[in-house]
Amino acid sequence: MTKVSIPRLLEKQQAGEPIVMVTAYDFPTARAAERAGVDMVLVGDSGAQVHLGYATTAEVTTDELLVLAGAVRRGTETAFLVCDVAFGTTEESDAQAVATAVRFVKEAGADAVKLEGGNAEKLSRIRAIVAAGIPVVGHVGLTPQTATALGGLRAQGRTESSAARVVEEALGVQRAGAFCVVVEAVPAEVTAVLREVLDIPIIGIGAGPADGQVLVVNDLLGVTEGRTAKFVKTYGSIGDDTVAAISAYADEVRSGAFPGAEHQYAATPEAVDAARESAERLRR
Ligand code: KIV
């Protein structure tokens, strides 16, 4: 299998072949995504919450994301690897944004970085990172890092001003040089407009039909506890399966059923005698 490249992703878009993206935060999940044949793996800063247990995505650091990204890189062979940059690590200046993006490429082997937002400052950051030779994925609509400013984790593009802003930001992101854009939590009708005006692939999440789709892996596997967003479809029950497996293990340890004879090593009688002699000698 050949590695997925940007030209391959654009080819898929042109051919109307949906692009599949999924998040991953560790080696085993990256292996599973690779074996499932996804096109793109995203080390999302959603990992701050679903993998590292923070209350918001804004709390994660570059060093923490780099550990997750390195594990995911080691688990992927063909999938195109995109890494989110952490909140506060591109906001100060273009130079800061380039330095952050370079770390993801050099230290984690990222194929591209993803930046949330499309205001003038963010567009400048995207231009700078692209000029440094690092591919950028944009992210508009609901942008969790700055959700407070958007009124919380809620759908965007549902009012006249918000819909106009989503289109303006998506076009801005494309003009700034992003090769692809994630559109999160916007009405399908607004995404349809974006598909008419944008040339770059749109990866939707809660945005209706698009050139591709992305889901947070914990949501799709059924690992996430409690309510998930309206747009989440759950394809597994790994959370419940995990609890059931650990509970069964705990029960067997407590009852003495585990470890059974089949999980133990055999020793020769001579080795057992030697262990006894040694124990006797050392006990004196
Ligand atoms: O961090 C993330 O997982 C994301 C996806 C929701 C697109 O940005």
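Structure values in brief
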item	result
Wholly enclosed strands (runs of 3 or more DSSP E) of the range 134-250 bearing at least 2 residues over 16 Å from Glu116 (Cβ atoms), assigned by TED's automatic domain parsing to the domain that holds Ala15 and not aromatic (Phe, Trp, Tyr)	212-215
Qualifying position, being within 10 Å of the chain's Cα centre (by Cα) and more than 13 Å from the ligand (Cβ to nearest atom), among Asp39, Asp63, Asp26, Asp45	Asp26
Residues within the range 14-29 that are more than 21 Å from Ala101 (Cα to Cα) and open to solvent by less than 20 Å² (accessible area, probe 1.4 Å), tallied	1
Matching residues, the range 206-239, being under 24 Å from Leu10 (Cα atoms) and more than 16 Å from the chain's Cα centre (by Cα)	Ala207, Gly208, Pro209, Ala210, Asp211
Scope the range 119-138; condition in contact with a Gly (Cβ under 7 Å, 6 or more places away or on another chain) and open to solvent by less than 10 Å² (accessible area, probe 1.4 Å); matching residues	Ile126, Val136, Gly138
Residue list for the range 66-88, restricted to those being of a type in the set (Val, Ile, Thr) and more than 10 Å from the ligand (Cβ to nearest atom)	Val67, Val72, Thr76, Thr78, Val85
Those residues of the range 216-238 which are touching a strand residue (DSSP E or B) at 6+ places or on another chain (Cβ under 8 Å) and farther than 17 Å from Pro28 by Cα, in sequence order	Phe231, Val232, Lys233
Any hit, the range 243-256, residues being farther than 30 Å from Cys180 by Cβ, basic (Lys, Arg) and away from the ligand (no atom under 14 Å from the Cβ)	yes
Cross-chain or 6+ apart pairs with Cβ under 9 Å, the range 26-52 first and aromatic (Phe, Trp, Tyr), then assigned to a helix (DSSP H, G or I) and open to solvent by 50 Å² or more (accessible area, probe 1.4 Å)	Phe27/Arg74
Near pairs, Cβ below 6 angstrom, 6+ apart or cross-chain, from the range 68-83 (in contact (Cβ under 8 Å) with a residue 12 or more places away in the chain and small (Gly, Ala, Ser)) to any residue that is assigned to a helix (DSSP H, G or I) and buried (at least 23 other Cβ atoms within 10 Å of the Cβ)	Gly75/Ala30
Test result for Ala108, among the aliphatic types (A, V, I, L, M), modelled with pLDDT under 95 and in contact with a Gly (Cβ under 8 Å, 6 or more places away or on another chain)	no
Unique residue being in a helix (DSSP H, G or I) and hydrophobic (A, V, I, L, M, F, W, C) when the list is Val72, Val38	Val72
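Okay, residues lined up against (1) within 16 Å of Pro144 (Cβ to Cβ); (2) open to solvent by less than 30 Å² (accessible area, probe 1.4 Å):
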position: Ser5; (1), (2): no, no
position: Lys12; (1), (2): no, yes
position: Ala32; (1), (2): no, no
position: Asp39; (1), (2): no, yes
position: Asp45; (1), (2): yes, yes
position: Thr57; (1), (2): yes, yes
position: Leu66; (1), (2): no, yes
position: Arg74; (1), (2): no, no
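The values are calculated or read from the model by the stated rules, or taken from the named source; none is laboratory data. Since this is a predicted model, take the numbers as computed values, not measurements. Note: ideal-geometry Cβ built from the backbone for every residue, glycine included; neighbour counts use all protein chains shown. When the accessible area is computed, the model is the full protein with side chains, heavy atoms only, and any ligands, DNA or RNA have been set aside. Shrake-Rupley method; radii C 1.70, N 1.55, O 1.52, S 1.80 Å.
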